[in-house]
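Some notes on the structure that comes next.
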Amino acid sequence: MSKLSVTKDGDAGRPESAPSGLVVMDNVNKHFGALHVLQDIDLTIERGEVVVVIGPSGSGKSTLCRTINRLETIDSGYIAIDGKPLPQEGKELAKLRADVGMVFQSFNLFAHKTVLENVTLGQLKVRKTDKKAADEQARRLLDRVGVANQADKYPAQLSGGQQQRVAIARALAMDPKVMLFDEPTSALDPEMINEVLEVMQQLAREGMTMVVVTHEMGFARSAANRVVFMADGKIVEEATPDQFFSNPRSERAKDFLSKIL
Ligand code: ADP
Ligand code: MG
């Protein structure tokens, strides 16, 4: 990998010949105290690519996602979205964050706002869209994720699967360049998992660039262009889903797959 000076995140750590992916992580390191949670992470995600990240609990998957939209800082290395290094703070950071949609395990909808208001909020505040246009776009997105008739309800009146689909619509409302999903179905009752995975499948088919942390191996097999296997803060293996599931190379991956499949 290219030579890097050790810097806080920002332009100074930029590799001399920067790779051209939509998301570029170059030699990223992060510690939580003594824990080296991300170790020399090199990961390039191309436009339109769907990358599924799997690995044991505690391996750093969530932290990796959170560094991509700067919910976590990094200690050294370089991260860029669409050629722009992650800014440290301020307006630039807010703008860049808007390019990165994120959907969490817990849906994180605003309880005191309606479904429609949850989806329009970011557009009104960050994108400064006028209300009529924001409402129209939100209704289109709610229709796209199959909950158009829930627009005027409050989150608590919806099922978990419906709430998560609203969370996806809310992220899409910012017209992101990449969508990050961190175990989006892990908190759902089993009968609701598929309705969320189907929306994600559809997004993938439409060409959305996606990073998906999930234990849903069926989704990984059918939607992923690439599987990234993490263990102990490192990317241990990267392969196509076919290669990875039929012929994992590392002992760590073999061991992991033997426990979940
Ligand atoms: P995963 O998503 O793969 O389960 P995480 O990225 O959540 O892993 O966590 C990786 C490791 O970092 C775990 O050991 C976790 O306890 C630790 N960790 C995560 N967030 C923090 C934090 N804010 N402070 C201290 N340790 C953390
Ligand atoms: Mg996690």
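Throughout, read-outs are computed from the coordinates displayed, never taken from laboratory work. As the structure is a computational prediction, the values presented were derived from the model and not from experiment. When we count neighbours, we look across all protein chains shown, and the Cβ atoms used for this are built from the backbone with ideal geometry, even at glycine.
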Bins of 10 Å, beginning at zero and ending with the bin holding the largest distance: percent of Cα pairs per bin for the stretch 170-261, please. 14, 46, 32, 7, 0
Convex hull volume of the Cα atoms in the chain, per residue, in Å³? 132
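Hey, with R₀ at 25 Å, roughly what FRET efficiency would Gln39 and Thr73 work out to, going by the Cβ-Cβ distance, to 0.05?
Once rounded, the FRET efficiency stands at 0.95.
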What does the charge add up to near Leu22, with Lys and Arg as +1, Asp and Glu as -1, over the other residues with Cβ less than 13 Å from its Cβ? -1
Can you spot the lysines whose alpha carbon is less than 22 Å from Lys259's alpha carbon? Ignore those fewer than 8 places along the same chain. Lys61, Lys234
Rounded to the nearest Å, the spacing of the alpha-carbon centers of the stretch 61-88 and the stretch 242-261 is 28
What full-extension length gain, to one decimal in nm, is calculated for Asp255 and Ala156 as 0.36 nm per residue of separation minus the Cα-Cα distance? 31.7 nm
Taking the Cα centroid of the stretch 153-224 and of the stretch 102-142, what is the distance between the two, rounded to the nearest whole Å? 16
Obtain the nm distance between the two label points defined at Asn108 and Ser57 by a simple spin-label model: each point lies 7 Å from its Cα along the Cα-to-C-beta direction. 2.1
Quick one: which of 84-97, 151-164 comes out on top by average Cβ neighbours within 10 Å, and what's the full order, highest first? 151-164, 84-97
Residue by residue, what Karplus-based ³J(HN,Hα) values in Hz, rounded to whole numbers, does the stretch 152-166 have, using 6.51, -1.76 and 1.60 with θ = phi - 60° and x for Gly and Pro? 9, 8, 9, x, 5, 7, 9, 6, x, x, 5, 4, 5, 5, 5
Given a Förster distance of 51 Å, report the FRET efficiency between Ser20 and Glu191 from their Cβ-Cβ distance, rounded to the nearest 0.05. 0.75
Counting each DSSP H run of 4 or more residues in the chain as -39500 (n - 2.57), what helix-only mean residue ellipticity at 222 nm follows after dividing by all residues, to the nearest 500 deg cm²/dmol? -10500 deg cm²/dmol
With a 10 Å radius around each residue's Cβ, average the other Cβ atoms per peptide and rank 64-75, 246-257, highest first. 64-75, 246-257
